[in-house]
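Just below is one structure, and these are the notes that go with it.
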Amino acid sequence: MALWQPAPGLRCCDTLEGLIRRILSGFALFALTLSIPVVAQEEEFRVYTESPRLFLRSQRLRLLKREKQRESLRWMQFENLVLGRTAMAEGGFAFALLSQVLEKPEYCQEAVKQAGEDLRQLSIVFDWCDAQPLAGSIREKADALGSVRDISSMRSRALAAIALSEKEPDWSESVLKDVVQRWWRHEMVPAIREGKPVPREDFYALFELLHAVKDNLNIDLRDPVQGFFRDLPVFHMISHYPASYPGAENEFRIPYYQHDGEPDLKIAALSRAAELAMVAFDSNPVESQAMQSWLLQDRYLMRGPFGVVYEFLWANPYQPGITYHFLPNVFHDRRSGRLFIRSSWEEDATFFCYDKKIGQVFEAGKRADVNVLEQTKPVRIGAATIVAARLPLQFDAGYTLDQPKDDGEKTVEETWFLVGLQPGSPYSVEPEDQEMNEMISDAGGIISLSFPLPRKMQIRVQEPLVPEATSQK
């Protein structure tokens, strides 16, 4: 007896056709099933997270409460300043954070009173304190910033949209879609890829935006420009002057600047706040772990009325770090054409930067602008040498200034930077006894050359010959 028989009234061929149809239908259903997760993974700009939505995810809030229980230095400094009625630079921000950590809603009254007119601060106070009377003002201010497309304003609009996501979900969704899709992906990402530098004064605002979007939409804004964010910690650290600067409450590391006068300590505080927020966003990369060790030195812990809130909010003293002294002493940002060099990672190091054709040196506690293009001899800093490229150029590379130590099997390299060239232009580079190579200068008119040589070598650099056009016969 057959184990399988056609249904009554059907011929065998009809049954096979039906079987084929069922098989094809099964494949179609299987394909449809596979497509369901793809649809489910499409980006969603409606916020479904629970309050507090801004920065205080459950894990971070637990960490802050743990700091309170331990009576850590950061907590004691923060609590003493706020409860001591010190005039806080951002009182609404400070009192709202205090109310969350102590679980005392009564501090929210003071937070609302001191929130002022700043959209970012109003949004945080609304979210952390459920301050419903602020809703109308928040939306009005966010709408007024709709045409302002800088990082700080777009960050504040995003925070406002997330804060009001439960009260005004349609408006919130529209604003977040504008921030993520229209502004970040269609304006900022192309600009970053083209090498237009993000102002370092905006680094902190940028990471507030990254945190808020990732926490509430599960979208990582770094994805289209991962190279930029991979390099950012090293660039951020190496572009500070080596020596510390004494402030009233603590010491500061000062990011390089190109204007006259004393450094702006608010910018220095926001620079450290950006570092704290970077590590909090992603502590896994080696660069982040190096930055964590950069942050753990107590003499830089911010204790003043402006920086103490950021210090307490973002710092994680339990996160281990690795020494930053292993990082390279040279950072050449080819996308934007900037060059940073330091002789070492010690505080007495010599520092050099070349940005927008302006050179600057920091040495022995003093900074000075230098006209690199007028230098007649190569300038040596650590294992890097800067040469003003006046073409045609001929110079001796290799170990011309200091004889390097024998490092056994490891090949010691010198890096030479030719500066002052036309940005994005081809040049002929001919090392001695080697074929001529054509190299393209970067966005700042810089060409870098590395020489793993135990001897001197003569290098010739000139503009490439343009072949004459042949006449048509």
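FYI, it's all coordinate maths here, none of it is from the lab. Source: prediction; values computed, not measured. As a convention, Cβ positions derive from the backbone with ideal geometry for all residues, glycine included, and neighbour counts pool all protein chains shown.
Structure above, values below:
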quantity: q = 0.26, 0.27, 0.28, 0.32 Å⁻¹: log10 I(q)/I(0) that the Debye formula gives for the stretch 133-176, counting C-alpha atoms only; calculated: -0.88, -0.94, -1.00, -1.23
quantity: Theoretical FRET efficiency, 1/(1+(r/R0)^6), r = Cβ-Cβ of V286 and K196, R0 30 Å, to 0.05; calculated: 0.65
quantity: Virtual spin-label span in nm between I267 and E44, 7 Å along Cα→Cβ; calculated: 4.2 nm
quantity: Anisotropy class of the stretch 76-121 from Cα gyration tensor, a/c 1.5 cut; calculated: oblate
quantity: Prolate/oblate/rounded call for the stretch 178-223, Cα gyration tensor, a/c under 1.5 rounded; calculated: oblate
quantity: Among 86-92, 253-259, the order from most to least packed when residues are scored by Cβ within 10 Å on average; calculated: 86-92, 253-259
quantity: Cross-link pairs K141/K177; K214/K356; K141/K167 - those with Cα-Cα distance over 28 Å; calculated: K214/K356
quantity: Under-5 Å amide H pairs with G359, H placed in peptide plane, nonlocal only; calculated: V370, V372
quantity: Alpha-carbon centroid distance for the pair the stretch 207-239 / the stretch 325-385, whole angstrom; calculated: 26 Å
quantity: Point-to-point label distance, D170-R66, nm (Cα→Cβ direction, 7 Å offset); calculated: 4.4 nm
